[in-house]
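Asks: Below is the structure I would like to discuss, written out as structure tokens.
The values are calculated or read from the model by the stated rules, or taken from the named source; none is laboratory data. None of the values given here were measured: they were computed from a predicted structure. All Cβ positions, even for glycine, are placed from backbone atoms using ideal geometry, and neighbour counts span all protein chains on display.
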Amino acid sequence: MLQIQNISKVFNAGKATEVIAVDGVTLQLGAGSHTVVVGANGSGKSTLLNLVAGSTYADRGKVLLRGNEIQGMPDYKRSRWIARVFQNPLAGTAASLSILDNFRMAALRKSPKWIKLGVDSDFKKLVYDQVATLGMALENKLTQPMGTLSGGQRQALTLLMTVMADVDVLLLDEPTAALDPRSAKEVMEIADKIIHENKLTALLVTHNINEALHYGTRLVQMENGKIIRDYDKQEKLTLNHTEVISWFDYY
Amino acid sequence: MDFYVAAIIQALCFGPLVMGLFLSMKIFNIPDITTDGSYTLGAVITAVGLSNGYPLLAVFVLAMFGGALAGCCTALIHTRLRIHALLAGILVMTALYSINLTLLGRSNMPLLGYRDLFTWFDVFAVSDYNTLSVLLVVLAILFLSMSYMLRSDFGIAMRATGDSESMIRAQGVNTARMKVYGLAVSNVLVALSGCLMAQFQGFTDINMGIGIVISGLGAVIIGDTLINFLKARSIPSMLACVLFGVVIFQSILAIALSAGVDANLLKLTTSLLVLIIVALPRVGSFLQLSKR
């Protein structure tokens, strides 16, 4: 499904502040797989996600989706197939727009946005039903601005927005980093449900060891821009919290 | 009384301008200084068109097209060359001064005697009422069009671009292109204001756009205060607040002038008024803090 081939990214190349963020990473993500990436700060996890999303371009290497090269494509074009949940709940939704308007944009992810009123009663019903599945009692607040909601509510809605149009890949960049433990758990449960129900190929970046062990079918550790550990589903089951923590003893 | 009617008419002529500034400054978060140049451009094209006997509709279309081009230039400099929007606007505004002067051929042109929008509509005996009626119809059309556009899928994408670029890019929108459309529409409205003002005052002057962005900004800030005060959330109510803001702003200026403020000090008065409007909430917060 998603192939990352020998991809590299260097920031401030040739300057004193040069940083090799991603260094020749190769990763194959099968359809419906759920890969979790862990690593210390600056290990290149988020840059890897940005390279897949298209918000940063690679200096070297290829990104292939269903066998087609996409590395030269900007993020807004890749969004037809790749959805994303940001670390900052404010980044994934537009605060001044209502929940309905945010969902309208998500529903038109693959379509042109014409000068026509699209938020009609049918669309409101569709969003009402979708939002009700979250169990957060947000379905009666659809006309409220997104900015009036909590970070956890916004992340949950962002997750739901990703499946308003059919996508193949879901990128989750530390989606619970800014949330309290309860909201974080809720959001991860919703993410897991959405990934399974929609058979999405998911790539989750996290600092949370519990999340890394509990969710996903594969666990990868990055260090200095490289993948240094890669465990499949069976191997992952043998890992425990203490062992994964010990990977970071170096720091 | 006529003085205040004239002030209201002037405020209505500025109506499209404040809707344009609302779009660029509040929806897109772009401080678009092109406004000073595109307002004059609208007036210059109107003067050239009317004096050359162009049909009235063609004059309006050309003035708005000129505004769209100016807005596109600013947006393309900003998005393609990655130059700050403020500087991009200043560059286009400066360039427009020469373009306007070249088009007009001189520094000002009287338009009295030409058949314009206001002389074309001749129903009431009092000419100000004719002018007022025409402007109300023009503003009603613009208000309905803008309300529809900003509530449409395209308009939601525009609003999201100004709010959260990361979010709307993730929904498949080319934000650079959206900014070009936004500044084009904004400057269409600004040029339309220049076109209306030239016809209302009966002349076009090469310097008539100087500081117009400040007058517009004052009106938008008053409108924004009303939006927050009334907790207005719908697009039509926000636009109505902004239009009400321009009437309040021009009325305050008219009161200041009728109270004896020297007309030569009008720009100074305008700047001070905008400063007071901007600073007032901050002074209030400062006083509250100092009480603690």
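Asks: Is it the case that B:Val18 is β-branched (Val, Ile, Thr), in contact with a Ser or Thr (Cβ under 7 Å, 6 or more places away or on another chain) and within 26 Å of B:Val247 (Cα to Cα)?
Replies: The answer is no for B:Val18.
Asks: I would also like to ask the following. Please find, among B:Tyr148, B:Tyr129, the residue that is surrounded by fewer than 17 Cβ atoms within 10 Å (Cβ to Cβ) and within 14 Å of chain A (Cβ to nearest Cβ).
Replies: B:Tyr148
Asks: Quick one: which helices (runs of 4 or more DSSP H) lie wholly within the range A:82-172 and hold at least 2 residues that are within 13 Å of another protein chain (Cβ to nearest Cβ)?
Replies: Filter on the range A:82-172 gives A:99-107, A:151-162.
Asks: Follow-up question, since we're still on this one. How many residues does the range B:80-113 hold that are in a helix (DSSP H, G or I) and either in contact with a helix residue (DSSP H, G or I) (Cβ under 6 Å, 6 or more places away or on another chain) or β-branched (Val, Ile, Thr) (or both)?
Replies: Going through the range B:80-113 one residue at a time, the tally reaches 13.
Asks: While we're on this one: Might you check whether a residue that is touching a Leu at 6+ places or on another chain (Cβ under 8 Å), surrounded by fewer than 19 Cβ atoms within 10 Å (Cβ to Cβ) and of a type in the set (S, T, N, Q) occurs anywhere in the range B:201-219?
Replies: No, the range B:201-219 contains no residue that is touching a Leu at 6+ places or on another chain (Cβ under 8 Å), surrounded by fewer than 19 Cβ atoms within 10 Å (Cβ to Cβ) and of a type in the set (S, T, N, Q).
Asks: Further question on the same structure: Looking at the range A:161-183, which of its residues are free of Cβ contacts under 8 Å to residues at least 40 places away in the same chain and either surrounded by 17 or more Cβ atoms within 10 Å (Cβ to Cβ) or touching a Phe, Trp or Tyr at 6+ places or on another chain (Cβ under 6 Å) (or both)?
Replies: Hits for the range A:161-183 are A:Thr176, A:Ser183.
Asks: Please count how many residues of the range A:157-207 are of a type in the set (A, V, I, L, M) and closer than 15 Å to A:Gln87 by Cβ.
Replies: Looking only at that region, the number is 14.
Asks: If you scan the range B:222-233, which residues turn out to be in contact (Cβ under 8 Å) with a residue 40 or more places away in the chain and surrounded by fewer than 21 Cβ atoms within 10 Å (Cβ to Cβ)?
Replies: Within the range B:222-233, B:Asp224, B:Thr225 qualify.
Asks: Of all helices (runs of 4 or more DSSP H) completely enclosed by the range B:165-282, which ones contain at least 2 residues that are more than 24 Å from B:Ala68 (Cα to Cα), more than 15 Å from the chain's Cα centre (by Cα) and within 14 Å of chain A (Cβ to nearest Cβ)?
Replies: B:165-170, B:212-230
Asks: Can you report the number of residues in the range B:49-74 which are without any contact (Cβ under 8 Å) to a residue 40 or more places away in the chain and surrounded by 24 or more Cβ atoms within 10 Å (Cβ to Cβ)?
Replies: 0
Asks: Please go through (1) at pLDDT 95 or above; (2) in contact with a Ser or Thr (Cβ under 6 Å, 6 or more places away or on another chain); (3) within 11 Å of chain B (Cβ to nearest Cβ) for A:Gly61 and return the number of the only condition it doesn't satisfy.
Replies: Going through the list (1) at pLDDT 95 or above; (2) in contact with a Ser or Thr (Cβ under 6 Å, 6 or more places away or on another chain); (3) within 11 Å of chain B (Cβ to nearest Cβ), A:Gly61 breaks only (3).
Asks: Provide a single number: the residues in the range B:109-155 that are without any contact (Cβ under 8 Å) to a residue 40 or more places away in the chain, of a type in the set (Phe, Trp, Tyr) and more than 22 Å from B:Asp2 (Cβ to Cβ).
Replies: The number of residues fulfilling the criteria is 2.
Asks: As an exercise: evaluate A:Val52 against (1) part of a loop (DSSP other than H, G, I, E, B); (2) surrounded by 23 or more Cβ atoms within 10 Å (Cβ to Cβ); (3) modelled with pLDDT of 95 or more and give the number of the one condition it does not meet.
Replies: Here A:Val52 meets the rest and fails (1).
Asks: Before we move on, is B:Val123 in contact with a Ser or Thr (Cβ under 9 Å, 6 or more places away or on another chain), within 14 Å of another protein chain (Cβ to nearest Cβ), aliphatic (A, V, I, L, M) and more than 20 Å from B:Gly216 (Cβ to Cβ)?
Replies: For B:Val123, the condition - in contact with a Ser or Thr (Cβ under 9 Å, 6 or more places away or on another chain), within 14 Å of another protein chain (Cβ to nearest Cβ), aliphatic (A, V, I, L, M) and more than 20 Å from B:Gly216 (Cβ to Cβ) - is not met.
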